[in-house]
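The values are calculated or read from the model by the stated rules, or taken from the named source; none is laboratory data. Bear in mind that the values here come from a model prediction, so they are computed numbers and not experimental data. Every residue, glycine among them, receives a Cβ derived from its backbone with ideal geometry; neighbour counts consider all protein chains shown.
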Amino acid sequence: MSEVDIDLFSDLTEEEVRANEARTQHLKSQRLESIEQFSKDPTERTLMQNRLVFRHTYGHASPPPLTVPSLLTTEECQDILSEISLQNSEWLTSRHSAFATTDIPVSSLPNLAVSLPALLHDRLLSRWIAPQFGFHPTRDLAFRDLFIVRYAHDAQRGLQMHTDGCLVSFNVLLNSHTEFEGGGTIFEGVEKPVQIQQGDCVIHDAHLQHGGMEVSSGVRLILVGFVDTVDTITKDNIGRSMAARTM
Ligand SMILES: O=C(O)CCC(=O)C(=O)O
Ligand SMILES: [Fe+2]
């Protein structure tokens, strides 16, 4: 074949389209066959198997959001908020590129950077998120990001509909619901916004479209977490630090 015969932009022939479809179908059924042979118990499967089962189960339809009441006590919520005032932390608006929140990363708060992820790992990842989504309670999951978000009637009021770049997301209301009007999390397919009490937590599949309902008065403060499998978080962190070194 001469160079002029190669047209990268030509449409595939009907035969090639059929062959591609058959290959995709074959891969799908191979994947399904191997998933069916996995143990039904997530603690007996590997991390990669658990991830495959998660994708297979929720790839086409997300489960409805789940509310965990009183994940944090009122005192614990207040301690988190006092730490922000104590550190005189600056609210950032450029950490999440596409759907930016006004936020502070927990990693920048010295008295919470280690203790809060540890507490949430135990109380939320192991007890709720791992069993709910088919992961090993202690081995598989970690936080890709953990941050405190501020919505206010005279600043950022809400957040448009989006999906998060992780497997599972959650938010915990940190201040009292009496300190604002409106607010809550809107989910595709859920009629009313999910409005929780101080310390309660809403967990959801990160691919379920959701957004922050605008506050019409006052201030709403939430703790947001993006949860993923430890292997992908480690890989992305290595990639990021290598990119930083070559800059
Ligand atoms: O405001 C909320 O309830 C949702 C926040 C959120 O989805 C996010 O920060 O990614
Ligand atoms: Fe989100």
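Here is a yes/no grid of residues against (1) in contact (Cβ under 8 Å) with a residue 40 or more places away in the chain; (2) not in a loop (DSSP other than H, G, I, E, B):
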| residue | (1), (2) |
| --- | --- |
| V53 | yes, yes |
| T57 | yes, yes |
| A61 | no, no |
| T67 | yes, yes |
| L71 | yes, no |
| C77 | yes, yes |
| S89 | no, no |
| S94 | no, no |
| T101 | yes, no |
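Is it fair to say F99 is within 21 Å of V230 (Cβ to Cβ) and among the aromatic types (F, W, Y)? It is false that F99 is within 21 Å of V230 (Cβ to Cβ) and among the aromatic types (F, W, Y).
Please find, within segment 12-51, the residue that is nearest to P137 (Cα to Cα) out of those that are of a type outside the set (D, E, K, R) and not in a helix (DSSP H, G or I). Looking at the filtered set, the residue picked out is T46.
Of note, D228 does not satisfy the criterion of being modelled with pLDDT under 95 and either away from ligand 2 (no atom under 11 Å from the Cβ) or over 19 Å from the mean Cα position of the chain (by Cα) (or both). Might you let me know whether segment 73-80 holds any residue that is over 20 Å from the mean Cα position of the chain (by Cα), surrounded by 13 or more Cβ atoms within 10 Å (Cβ to Cβ), in the same structural domain as P137 (by TED's automatic domain parsing) and at pLDDT below 90? No: segment 73-80 contains no residue that is over 20 Å from the mean Cα position of the chain (by Cα), surrounded by 13 or more Cβ atoms within 10 Å (Cβ to Cβ), in the same structural domain as P137 (by TED's automatic domain parsing) and at pLDDT below 90. Of the set (1) at negative phi; (2) touching a Ser or Thr at 6+ places or on another chain (Cβ under 8 Å), all apply to G199 but (1).
Within the option set G189, G199, being in the same structural domain as F135 (by TED's automatic domain parsing) and touching a helix residue (DSSP H, G or I) at 6+ places or on another chain (Cβ under 8 Å) holds for one residue only, G199. Only a single item in (1) at pLDDT 95 or above; (2) under 27 Å from A155 (Cα atoms); (3) small (G, A, S) is not met by S70, and it is number (2).
Of all the residues in segment 152-196, those that are touching a Pro at 6+ places or on another chain (Cβ under 8 Å) and away from ligand 1 (no atom under 11 Å from the Cβ) number 2.
Counting only strands (runs of 3 or more DSSP E) that sit completely within segment 111-212, those holding 1 or more residues that are touching a strand residue (DSSP E or B) at 6+ places or on another chain (Cβ under 7 Å), under 27 Å from M48 (Cβ atoms) and of a type in the set (V, I, T) correspond to 168-173, 201-205.
Any residue at all in segment 141-149 that is more than 15 Å from ligand 2 (Cβ to nearest atom), modelled with pLDDT of 95 or more and over 16 Å from the mean Cα position of the chain (by Cα)? Checked segment 141-149: no residue is more than 15 Å from ligand 2 (Cβ to nearest atom), modelled with pLDDT of 95 or more and over 16 Å from the mean Cα position of the chain (by Cα). Here are some conditions: (1) in a helix (DSSP H, G or I); (2) loosely packed, with under 13 Cβ neighbours inside 10 Å. E83 meets all but one. Which one does it not meet? Answer for E83: the failing condition is (2).
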